[in-house]
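Chemist: Encoded as C-alpha cells, here's the structure I'll be asking about.
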Amino acid sequence: MNNVLTIIKKEFARFFKDKRLVLSTLILPGLLIFLLYTLMGSVFTGSTQTYTAKVVNPSAVFGQIVEGEESGALFELTEISAEDLDAAKEDVKNGGADLVIVFPQNFDAILTGGQTYPVGQAPVVEVWYNSGSTASSSAYSLVVSLLDSLENSMSNLFDVNYAAGGDLVTAQEAEASYYAMLLPFLILTFLYSGCMGIAPESIAGEKERGTIATLLVTPIRRSELVIGKIASLSVLSALSAISSFLGTFLALPKLTGGSIGGALASYSAGQYFALFAVMLSAVLIIVSLISIISAFAKSVKEAASLSVPLMLVVMLVGLSTMLFTTHAPAAFLIPIYNCVQVMAEIFSLQFSWVNLVITLASNLVYIVVLVWLLTKMFKSERIVFNK
C-alpha cells in the first residue's frame, strides 16, 4: 500500500508542480465554458429580433398581430403606395428592408365580411423576401405562419381546445429532459478529454523519456505501480472533468433562460452522489483503456493517434441519449454505455438505484480486469521497452 501511495504522490507532484498544466486542465476549461455559455444565453434570451417590413394597403388586424406578443418579435411596418412597390422590392433585395407585404384592397373588410371564395379565386396576400438574408428569411417564415393562423381562425370550421388541453410536461420536467439529452454527452467528452490530457504523458511519456526503466528496477510490484498510476490519473482526470462539468451545468440554465438555483434544486443529494459515483467509475474505465493503449505506444504522439478509435466509440456512446434511452437491466452491464444511461436517468428525474448498483458492480469487474491486463503488460519487457 505504501508503494501505491508513493506512485500516487509522484504523479500528483508531476502534475501540480506544472502551473501551466494545472491552469489549462483544471481552471480554464470550466471557466471558459461557463463564460461562453452564459454569453450565448444572454445573446439568445436577452435580445429581441426586430424586422422591417414595407406594406401596401396596410391591414389594421394584421398590424395588431405582428406588433403584439403573438409574433414573438418586433416589426416596424412602413406604409408605401403601389407605385413604390418595385423600389421596395429592390430595397429588400439589397438588404435595406426585410419584407414587402402587399394586402388586397379593403383586406380588413374581407376578413369581417364572412364571404367565401371558390378555390383559386380568394384574395391573395403577397409577401416578398430575400432568401439570401437570414433576417429576411426568418421574417418571411414568421409572417407566413401568422397569416396561416389568421386564415384558419377566420374560417372557423373547428376549434382546438388549447384552453382545456395543453402540455402535460411541467417546465421543470422539460428542462430536465433537455439536460438528460445533452449533459451525458458533454460529461463523457470532458472525462475523455481529461484522461487524454494526462494518461498518455504518464505512461507513454515515461517510455519515451526512458524513465520507466528507473521505476521498474525499484523494489515495487508491477501491480502496485499500475494501481498507483491508474488511481492518480483517475483523480486528476476527474478533477478536470468536474471543472468542465461545473462550468457547463452552471451555465446551461442561463442558456435556456432559467436560473442556476432552480437547476441545482432540481436534484437531491442522493442524485448528486450517484452522479459522482458514475463519473468516477467511467473515468476509471477510460483511464485504464487509455493506459493500456499508452503501454503499447512508443511515444505520446503515437498513444494519441492510437486512442482516436476509442475516442470515436466513446463519443458515439455519449450521443446515444439523444436518440433513445433504456431501462432494461441488461443494458447497464455494457461499459461506458451504462454510465451514460444512468446519467440520463439522473438528469431526467427518473433515477433508479437498481440500475446504479448494476452499473457500478459491472464497472468494478471491468476495472479489475483492465488493471490485471495492464499489470501483465508491465511485466512484459517486450511491451514496456518496445523490443
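Chemist: Can you give the relative contact order of the range 298-379 as a percent, counting alpha carbon pairs under 8 Å and 6+ residues apart?
Modeler: Details: 41 pairs, mean separation 19.4, N = 82.
Rounded, it is 24 percent for the range 298-379.
Chemist: Sticking with this one: Gain in length, residue 126 to residue 277, computed as 0.36 nm per residue apart minus the alpha-carbon separation, to one decimal in nm? Present the calculation step by step, with values, prior to reporting the outcome.
Modeler: Working: separation 151, 0.36 × 151 = 54.36 nm, distance 6.01 nm.
Result: 48.3 nm gained on full extension.
Chemist: Spin-label point model (7 Å from Cα, Cβ direction): what's the residue 214 to residue 28 distance in nm?
Modeler: The two pseudo-label positions are separated by 2.8 nm.
Chemist: Let me ask something additional. P(r) for the range 337-387: what percent of alpha-carbon pairs falls in each 5 Å bin, starting at zero?
Modeler: 5, 19, 17, 13, 11, 9, 10, 8, 6, 3, 0
Chemist: Along the Cα→Cβ direction, 7 angstrom out, place labels at residue 87 and residue 315. What is the inter-label distance in nm?
Modeler: Here the modelled spin labels are 5.4 nm apart.
Chemist: Evaluate the distance, in nm, between pseudo-label points positioned 7 Å from the Cα of residue 323 and of residue 354 along their respective Cα→Cβ axes.
Modeler: Calculated label separation equals 2.6 nm.
Chemist: What ranking do 140-147, 82-89 get when scored by the average of other Cβ atoms within 10 Å per residue, highest first?
Modeler: Taking the mean over residues of other Cβ atoms within 10 Å, the ranking is 140-147, 82-89.
Chemist: Can you bin the range 270-348 into rounded, prolate or oblate? Criterion: square roots of the alpha carbon gyration tensor eigenvalues sorted a ≥ b ≥ c, rounded for a/c under 1.5, prolate for a/b above b/c, oblate for the rest. Let's see the in-between values first.
Modeler: Details: a/c = 2.74, a/b = 1.95, b/c = 1.41.
It comes out prolate by the Cα gyration axes.
Chemist: State, in angstrom, two size descriptors of the range 294-387 derived from its alpha carbons: Rg to one decimal place and Dmax to the nearest whole number.
Modeler: Considering the range 294-387 through its Cα atoms, Rg and Dmax are 16.9, 53 Å.
Chemist: What accessible area per residue, rounded to a whole number of Å², is obtained for the range 263-387 using a probe radius of 1.4 Å?
Modeler: Values: 5920 Å² over 125 residues.
About 47 Å² of surface per residue is accessible.
The values are calculated or read from the model by the stated rules, or taken from the named source; none is laboratory data. This is a predicted model, so every value here is computed, not measured. No Cβ is skipped: glycine too gets one built from the backbone with ideal geometry, and neighbour counts run over all protein chains shown. Calculation scope for accessible area: heavy atoms of the full protein, side chains included, ligands and nucleic acids excluded. Shrake-Rupley method; radii C 1.70, N 1.55, O 1.52, S 1.80 Å.
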